[in-house]
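None of the figures in this text is laboratory data; all of them are computed from the coordinates on show. Remember, predicted model here, so these are calculated numbers, not experimental data. Backbone-built Cβ (ideal geometry, glycine too); neighbour counts: all protein chains shown.
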Amino acid sequence: MLGPERQTQLEEISRQDHQAKLAKRDEELAYYPQKMAELDLKPIDRFRLYHPDPSRLMELGVTFAHRDLESVVGAMANGEPWAVVSGLNPSGPLHFGHKQVFDELLWMQRQGADVYIPITNDESYLVGKASSLGEARRTAYESVIPSIIAMGFSPDKTHIFVDSDYPDLYNAAMDIAKHTSLNKIFGVFGFGKDEEGENSGTVFYRGAVQLAQILLPQYEELGGPKPTVIPVGVDQYPYILLARDAARKKGFTPPAATFTKFGAGLDGKGKMSASRPEGAVFLTDDPKTAKKKIMSAYTGGSVLGSFQREHGGVPEICPIYQLRTYHFDNSRLAEQCSSGEILCGECKAQAVDEVLVYLADHQGKLPEAKARTPEFIFDTPIRSPLKVK
């Protein structure tokens, strides 16, 4: 039992903390509308309302904006070819932040898309996330690709390739490089020569290889120009600008983009990332590790349960709220949290149960998924850039 003085002190701490979290919520809620206005993006609302089966993340407002999605709608409705491209850096096992992206890719595949997934071990090496191409390549085949397959993708419409094992990608990259310039790359990305962390390899990678990944489905060997959509975060919009410009010069269809909010790390320090392992639940985590991470996570709650019962929590900034709503069916959780109906300890315990059930199911599928890897590996030669004109 707390004494009156201590109770008063904790109530004041709770009040100040709650006000700080409300301010953080308001700042975060303003961020995405500001970026939409700044980048001239359209809200996803119209597409979501008229599509008979919008994605779960669209319904939640997590996928919130698009650029030129109209170019894909006709193909989607008429059963015509269209593609989606989403690359992945193999710096470690997949986590729930990655799962969020792949859930959206699965939805797109069910709408008829061919899904292309470049595994960018060359980028991992260039930016220092892996000590060698081989290390990142091993991670791709041992961990990343089996996890992707275990999520339920169709081998007939899923095309996965590890960059260093698919040299034809670099034929396309050389071809695309002719349709951009260093000035444009420097201008779009905001870096110049000798900037810390950048080198000639990363400049070529960003300016050519990543654009080749985005435009790859439109080469004649893969059916020629077609609607293509790239699911990205707003921080990756520069790639879309460069790719659309290069596509026009190549006679390809400028790729569309959908924009999705980041899933927060459990530590409350930004998006979920493998670089902060305690803030990420990896799809390979054992039950004890996953439970520990969740139970020690930052939340939108209060120091005092009694204060939170009266004033509610702040779900919009809570990683546990995001984990439970982005990945599991918890449609009432925002109301329960903001009204004080549920406290953080109970919510975390429920999150543990949901996550552990998913991890057990996912990990149980990994051995079979790994054995099926050859079914998903993409190796179609891209020779058209080598034609003599």
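For the reader, a short list of remarks on this structure follows.
- Cα centroid separation, the stretch 26-63 to the stretch 205-259: 21 Å.
- Once the Cα gyration tensor of the stretch 200-356 is diagonalised, semi-axes √(5λ) in Å: 41, 17, 14
- Among Ala257, Ala360, Ala243, the residue with the largest mean-square fluctuation in a Gaussian network model of the chain, with springs joining Cα atoms closer than 10 Å, is Ala360.
- Ser306-Asp235 FRET efficiency (beta carbon distance; Förster radius 51 Å; 0.05 resolution): 0.80
- Its residue count N sets the reference 2.2 N^0.38 Å, and the alpha-carbon radius of gyration of the stretch 1-142 equals 1.52 times that reference.
- Ranked Tyr321, Tyr237, Tyr50, criterion: other C-beta atoms within 10 Å, fewest first: Tyr50, Tyr237, Tyr321
- Coarse-grained scattering of the stretch 211-299 at q = 0.11, 0.12, 0.23, 0.24 Å⁻¹, given as base-10 log I(q)/I(0) from a Debye sum over alpha-carbon atoms: -0.50, -0.55, -1.00, -1.06
- The length gained on full extension between Thr373 and Arg110, counted as 0.36 nm times the residue separation minus their Cα-Cα distance, comes to 92.6 nm.
- Label point of Arg248 set 7 angstrom out along Cα-Cβ; within the stretch 6-48, amide nitrogens under 18 Å from it belong to 39-42.
- Protection proxy ranking, peptides 14-21, 25-32, average beta carbon neighbours within 10 Å, highest first: 14-21, 25-32
- Remark: the stretch 1-97 carries a charge dipole of roughly 120 debye about the Cα centre, counting +1 on each Lys and Arg Cβ and -1 on each Asp and Glu Cβ.
- The alpha-carbon atoms of the chain define a convex hull whose volume equals 154 cubic angstrom per residue.
- Of Lys157/Lys250; Lys157/Lys387; Lys226/Lys249, pairs whose Cα-Cα distance is over 23 Å: Lys157/Lys250; Lys157/Lys387
- Here the stretch 237-285 yields Rg over Rh of 1.25, to two decimals, using C-alpha coordinates and the Kirkwood radius.
- Solvent-free Debye scattering, log10 I(q)/I(0), computed from the Cα coordinates of the stretch 267-369 at q = 0.15, 0.18, 0.24 Å⁻¹: -0.61, -0.85, -1.32
- Shown here: the stretch 1-70, whose C-alpha atoms stretch 62, 29, 11 Å along the first, second and third principal axes, sorted largest to smallest.
- Counted over the stretch 30-265, the DSSP beta bridges are approximately 30% antiparallel.
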